[in-house]
Amino acid sequence: MSSNAPVVLISGCSTGIGRVLTVEFASRNWQVFATARKLETINDLKSANVETATLDVTDEKSVAACVDSVITKAGRIDMLINNAGLLLIGPLIELGTNELRHQFETNVIGLAALTRAVAPHMIKKRTGKIVNISSISGVLNTPFAGAYCSTKAAVTAFSDCLRVE
């Protein structure tokens with residue numbers, strides 16, 4: 001991998017959007033750091049342009065270790081894609097507090113923690129982009145997905161405020 005290649009850190013690459021983004025960025029010759037809570041779910045993504053790493057966005061030590069590793073290996077992060085998330089389904093009044101807390105810790109607080117860990121490196125370089133994956137569910141709320149919809153509304157608000165700040 002060329003040291004001139006742009007560097008992207010993507011959270012939540014075991015399925016869906018994160019997995020597809022990993023393949024697409026790699027095909028465009030970006031240096032990709034693809035992450036997931038369980039490394040075995042992304043081992044097949046390894047290639048000349050893709051390194052894989054364990055990342056649990058709900059664990060600040062994991063967040064710090066991941067970002068430090070990317071900075072050590074690549075020297076910078078040009079783009080952060082906050083994609084890690086989970087979907088909790090069920091009537092809001094039947095969801096337990098711990099379930100709700102885990103939903104918000106993963107989808108909102110984890111996103112904020114990863115952003116907070118990467119931003120100083122981008123600020124120091126005076127360049128970089130942060131992409132937060134939200135959902136239409138943050139605007140168009142649906143029954144039995146209230147916890148998920150609430151977190152995605154929070155991600156949208158967080159992103160809007162971060163952009164202005």
Of residues in region 123-141 being under 16 Å from ILE71 (Cβ atoms) and open to solvent by 100 Å² or more (accessible area, probe 1.4 Å), the one nearest to the chain's Cα centre (by Cα): ILE123
Scope region 103-118; condition open to solvent by less than 10 Å² (accessible area, probe 1.4 Å) and of a type in the set (S, T, N, Q); matching residues: GLN103, ASN107, THR115
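This table checks each residue for (1) buried (at least 17 other Cβ atoms within 10 Å of the Cβ); (2) part of a loop (DSSP other than H, G, I, E, B).
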residue: LEU86; (1), (2): no, yes
residue: ARG101; (1), (2): no, no
residue: HIS121; (1), (2): yes, no
residue: PRO143; (1), (2): no, yes
residue: ALA154; (1), (2): yes, no
residue: LEU162; (1), (2): no, no
Count of region 41-71 residues which are among the β-branched types (Val, Ile, Thr) and under 12 Å from VAL7 (Cβ atoms): 4
Of all residues in region 4-22 being of a type in the set (A, V, I, L, M, F, W, C) and in contact with a Gly (Cβ under 9 Å, 6 or more places away or on another chain), the one that is farthest from THR52 (Cα to Cα): VAL7
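The values are calculated or read from the model by the stated rules, or taken from the named source; none is laboratory data. In this text the structure is predicted, and so the values were computed from the model without any measurement. A quick note on method: Cβ atoms are made from the backbone with ideal geometry, for glycine too, and the neighbour counts reach across all protein chains shown. Ligands, DNA and RNA are stripped out before the accessible areas are found, and what is left, the full protein with its side chains, is counted by its heavy atoms. Shrake-Rupley method; radii C 1.70, N 1.55, O 1.52, S 1.80 Å.
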